[in-house]
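Here's the structure we're looking at; comments come further down.
The values are calculated or read from the model by the stated rules, or taken from the named source; none is laboratory data. Everything numeric in this text was worked out from a predicted model, so none of it was measured. Because the Cβ atoms are built from the backbone with ideal geometry, glycine has one as well, and the counts that use them run over all protein chains shown. Side chains are part of the model used for accessible areas, which takes the heavy atoms of the whole protein and leaves out ligands, DNA and RNA. Shrake-Rupley method; radii C 1.70, N 1.55, O 1.52, S 1.80 Å.
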Amino acid sequence: MQWETVIGLEIHTQLATQSKIFSGAATRFGAAPNTQACAIDLGLPGVLPVLNQEAVRLAVRFGKAIGATIAPRSVFARKNYFYPDLPKGYQISQYELPIVGEGWVEIVLDDGTLKSVGVTRAHLEEDAGKSLHDASLRGGGYTGIDLNRAGTPLLEIVSEPDLRSAQEAVAYARKIHQLVRWIGISDGNMQEGSFRVDANVSVRPLGQTTFGTRAEIKNINSFRFLERAIQFEVERQIDVLESGGTVVQETRLYDAERDETRSMRSKEEANDYRYFPDPDLLPVELDVAFIVDAVADLPELPDSLRERFHVQYGLTEYDASQLSMTRELAQYFEAVAQASGEPKLAANWVSGELSAALNRSELEITESPVSAAMLAGLIHRIQDGTISGKLAKQVFEAMWHGEGDADSIIMDRGLRQITDSSALEAIIDGIITANPEQVEQYRAGKEKVLGFFVGQTMKASQGKANPQEVNRLLLEKLAPR
Amino acid sequence: MSLDASDVEKIAHLARLAIAPEAVEHYAEDLSRILDLVAQMDAVETKGVEPMAHPLHMSQRLRADRVTEQDQRELFQENAPLTEDGLYLVPKVID
């Protein structure tokens with residue numbers, strides 16, 4: 001039987017605020033355990049949560065970026081369950097009336113076609129604390145609880161079950177990741193847990209319109225694991241169904257070391273959350289002015305920028321999408337393209353030499369020792385024939401190591417191309433005289449020997465000879481008399 | 001609307017309440033009566049009435065995003081039965 005995979009993702013992204021969603025405790029990553037957990041985060045009796053305006057503003061930005069309606073009135077609800085890292089016994093979340101309604105994003109599939117993926121909703125909620133299952137605590141038998149993360153603002157972004165393969169799910173997750181960083185609402189740091197993905201996976205016979213029973217895979221913190229976890233889960237479900245069994249609705253954990261998903265039986269019966277409106281919080285009502293203000297400085301979005309790079313600068317779709325991966329990279333490229341007037345050369349240098357150098361040094365584009373203006377200066381000198389493409393790489397290296405801008409490096413190192421024919425002729429004459437044997441071979445019809453002369457000439461000129469000029473002169477001088 | 005003994009046991013478990021087996025029937029009766037009381041509301045015409053999220057007709061005040069809390073870990077951990085290295089300790093949670 002042919003099976004169709006159906007996937008929906010729930011993405012938790014940490015909002016880039018200074019303080020927590022309902023308290024004035026800091027959200028800084030990496031603080032000593034429980035030093036950023038105040039009375040409200042601990043759920044002590046008598047405390048009252050007060051909503052952080054910035055968290056609301058960031059959620060509104062996201063909503064606008066995916067073309068969603070912003071709810072003029074949204075409500076916080078209590079999601080009740082017991083776990084030691086949730087001191088109140090409930091998580092404050094949004095249920096029936098989330099702040100962000102239906103929207104959509106566009107993903108690029110492997111064959112280059114575009115697919116629109118629906119976002120059902122996005123809601124604000126607080127994060128829970130962290131459990132440390134360290135066997136050495138008090139000699140064993142204990143779990144340590146760090147509540148620094150409790151109360152950190154999250155935006156949970158829920159997709160429609162529109163995704164049909166692990167690859168599509170990864171493309172969608174990457175798209176949301178790109179977007180939240182682009183519009184400045186989250187740092188998207190997956191190692192630090194600022195971007196976490198849960199996948200709802202089911203399979204059904206191809207052609208069937210109703211959904212199969214789904215399993216929810218939690219604990220996925222990289223795009224690679226997301227792909228592998230879904231692939232494993234799809235195969236597992238097909239195996240179960242083909243051997244006559246039924247898929248159980250449950251929560252499963254992805255174990256990267258064993259590359260498999262495992263049932264989390266202990267939490268199964270906890271799926272009855274008994275949501276109800278949180279009496280500690282009033283409905284959130286947003287007026288038009290707040291929404292307009294929140295999105296006033298929303299930058300040009302990646303899809304529109306990618307299309308503009310393609311049309312305005314004549315870049316290939318591939319280059320355009322590579323260069324619009326992050327906002328900072330796009331800004332850098334555009335600055336080089338405009339200052340140099342050579343967008344295609346700019347694209348080649350930014351995604352070639354520069355990206356390679358950044359990768360080697362593990363630097364972000366914003367930390368590049370070669371500024372956009374410096375790279376544009378180099379491109380100018382390639383364009384006007386001052387230096388060859390090969391020497392340009394040498395100049396780039398020197399700029400990277402802080403030896404100054406392109407012009408001063410070309411000057412200091414004497415890298416200017418030899419365009420003066422008489423100087424070049426003198427070099428070539430010398431080489432011809434010194435190699436009579438090769439001259440004979442060439443004149444006897446062994447044309448490959450020309451390469452030898454080009455090489456010798458370039459070497460003698462220390463790479464500064466203009467290659468076209470060298471070729472022209474050699475052909476002329478080596479011609480049989 | 002009536003709850004039976006298994007409903008009561010389930011609710012008690014979800015709320016982590018220990019109920020003596022002999023009290024289950026009693027709770028089932030009492031809770032059913034409360035539900036019956038509220039069920040009278042079903043007869044009221046509520047078409048066009050916006051569901052209420054809070055008894056006060058006000059909207060949520062927002063606070064500025066500023067860190068206003070100091071580290072009071074020592075004070076808070078005086079209340080905890082067991083701590084180590086700044087962590088609250090609980091009986092091992094097996095996942």
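Tell me, which residue of region A:291-308 that is open to solvent by less than 40 Å² (accessible area, probe 1.4 Å) and among the hydrophobic types (A, V, I, L, M, F, W, C) is farthest from A:Met325 (Cα to Cα)? It would help to see each step written out before you state the result.
Kept after step one, since they are open to solvent by less than 40 Å² (accessible area, probe 1.4 Å), are these residues of region A:291-308: A:291, A:294-295, A:299, A:302, A:305-306.
Restricting the remaining residues to those that are among the hydrophobic types (A, V, I, L, M, F, W, C) gives A:291, A:294-295, A:305.
On the way: A:Ile291: 27, A:Ala294: 24, A:Val295: 21, A:Leu305: 10 Å.
Of everything passing the filter in region A:291-308, A:Ile291 is farthest from A:Met325 (Cα to Cα).
Kindly provide the set of residues from region A:71-90 that are in contact with a Ser or Thr (Cβ under 9 Å, 6 or more places away or on another chain) and over 17 Å from A:His123 (Cα atoms), ordered by number.
Scanning region A:71-90 gives A:Tyr83, A:Pro84, A:Asp85.
Considering each residue of region A:209-242, count those that are open to solvent by less than 70 Å² (accessible area, probe 1.4 Å) and either under 22 Å from the mean Cα position of the chain (by Cα) or of a type outside the set (D, E, K, R) (or both), and give that number.
Qualifying residue count, region A:209-242: 20.
I need every pair where a residue in region B:12-31 that is farther than 24 Å from A:Tyr273 by Cα has its Cβ under 8 Å from the Cβ of a residue that is part of a helix (DSSP H, G or I), sequence separation at least 6 or different chains.
Note: pairs meeting the criteria are B:Glu25/B:Ala5.
Residues that are on the phi > 0 side of the Ramachandran plot and either in a loop (DSSP other than H, G, I, E, B) or at the interface with another protein chain (Cβ under 8 Å from one of its Cβ atoms) (or both): does region A:69-87 have at least one? Please lay out each step first, then the result.
First, pick out the residues of region A:69-87 that are on the phi > 0 side of the Ramachandran plot: none.
Within region A:69-87 (the criterion being on the phi > 0 side of the Ramachandran plot and either in a loop (DSSP other than H, G, I, E, B) or at the interface with another protein chain (Cβ under 8 Å from one of its Cβ atoms) (or both)), the answer is no, since none of the residues qualifies.
Would you confirm, using the coordinates I've provided, whether A:Gly46 is of a type outside the set (Ser, Thr, Tyr), more than 11 Å from chain B (Cβ to nearest Cβ), surrounded by 17 or more Cβ atoms within 10 Å (Cβ to Cβ) and within 26 Å of B:Gln60 (Cα to Cα)?
no
Take the conditions within 30 Å of B:Leu17 (Cβ to Cβ) and either open to solvent by less than 20 Å² (accessible area, probe 1.4 Å) or away from every other protein chain (no Cβ under 14 Å) (or both) and apply them to A:Ile99. Does it pass?
no
Which condition number does A:Arg61 fail, the rest of (1) open to solvent by 30 Å² or more (accessible area, probe 1.4 Å); (2) of a type in the set (Lys, Arg); (3) touching a helix residue (DSSP H, G or I) at 6+ places or on another chain (Cβ under 8 Å) being met?
(1)
Any residue in region A:110-138 that is closer than 23 Å to A:Ile185 by Cα and assigned to a loop (DSSP other than H, G, I, E, B) sitting within a Cβ distance under 6 Å of a residue that is open to solvent by 30 Å² or more (accessible area, probe 1.4 Å) and not polar (S, T, N, Q)? List the pairs, counting only those 6 or more apart or interchain.
If the second residue must be open to solvent by 30 Å² or more (accessible area, probe 1.4 Å) and not polar (S, T, N, Q), the pairs left are A:Asp127/A:Arg149; A:Gly129/A:Arg149.
Filter region A:124-139 for residues that are facing another protein chain (nearest Cβ under 8 Å) and open to solvent by less than 50 Å² (accessible area, probe 1.4 Å) and give the result. Walk me through it before giving the result.
We begin by selecting, within region A:124-139, every residue facing another protein chain (nearest Cβ under 8 Å); these are A:131-133, A:137-138.
Result: A:Ser131, A:Leu137.
Across region B:26-71, what is the number of residues that are more than 23 Å from A:Ala77 (Cα to Cα), open to solvent by less than 100 Å² (accessible area, probe 1.4 Å) and within 14 Å of chain A (Cβ to nearest Cβ)?
Count: 4.
Quick one: would you say A:Val117 is buried (at least 20 other Cβ atoms within 10 Å of the Cβ) and touching an Asp or Glu at 6+ places or on another chain (Cβ under 6 Å)?
Yes: the conditions hold for A:Val117.
So if I check each of A:Ala32, A:Ala68, A:Ala37, which one is open to solvent by 20 Å² or more (accessible area, probe 1.4 Å) and farther than 21 Å from B:Ser59 by Cα?
Only one candidate qualifies: A:Ala32.
Condition check ((1) part of a helix (DSSP H, G or I); (2) small (Gly, Ala, Ser); (3) within 13 Å of chain B (Cβ to nearest Cβ)) across all residues:
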{"position": "A:Leu9", "(1), (2), (3)": "no, no, no"}
{"position": "A:Thr17", "(1), (2), (3)": "no, no, yes"}
{"position": "A:Phe22", "(1), (2), (3)": "no, no, yes"}
{"position": "A:Ile40", "(1), (2), (3)": "yes, no, yes"}
{"position": "A:Val56", "(1), (2), (3)": "yes, no, yes"}
{"position": "A:Trp104", "(1), (2), (3)": "no, no, no"}
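Provide a single number: the residues in region A:386-396 that are more than 14 Å from A:Gln462 (Cβ to Cβ) and surrounded by 14 or more Cβ atoms within 10 Å (Cβ to Cβ).
4
What about A:Thr316, is it hydroxyl-bearing (Ser, Thr, Tyr) and out of contact with any helix residue (DSSP H, G or I) (no Cβ under 7 Å at 6 or more places or on another chain)?
Answer is yes for this residue.
Looking at region A:251-263, is at least one residue farther than 26 Å from A:Leu179 by Cβ and in contact with a Ser or Thr (Cβ under 7 Å, 6 or more places away or on another chain)?
Looking through region A:251-263, at least one residue is farther than 26 Å from A:Leu179 by Cβ and in contact with a Ser or Thr (Cβ under 7 Å, 6 or more places away or on another chain).
Hey, can you tell me all the residues within region A:322-338 that are surrounded by fewer than 18 Cβ atoms within 10 Å (Cβ to Cβ) and in a helix (DSSP H, G or I)?
A:Glu328, A:Gln331, A:Ala335, A:Gln338
Of all residues in region A:406-417 being surrounded by fewer than 18 Cβ atoms within 10 Å (Cβ to Cβ) and at negative phi, which is modelled with the lowest pLDDT?
So, considering only residues that are surrounded by fewer than 18 Cβ atoms within 10 Å (Cβ to Cβ) and at negative phi, the one modelled with the lowest pLDDT is A:Arg416.
Give the residue, chosen from B:Ala18, B:Ala12, that is modelled with pLDDT of 90 or more, closer than 22 Å to A:Tyr81 by Cα, more than 7 Å from every other protein chain (Cβ to nearest Cβ) and not in a helix (DSSP H, G or I).
From the options B:Ala18, B:Ala12, the qualifying one is B:Ala18.
Go through (1) more than 11 Å from chain B (Cβ to nearest Cβ); (2) over 21 Å from A:Glu102 (Cβ atoms); (3) in a loop (DSSP other than H, G, I, E, B) and name the single condition A:Pro33 misses.
(1)
Within region A:348-373, track down each residue that is surrounded by fewer than 21 Cβ atoms within 10 Å (Cβ to Cβ) and of a type in the set (A, V, I, L, M).
A:Ala356, A:Ala357, A:Leu358, A:Leu363, A:Ile365, A:Ala373
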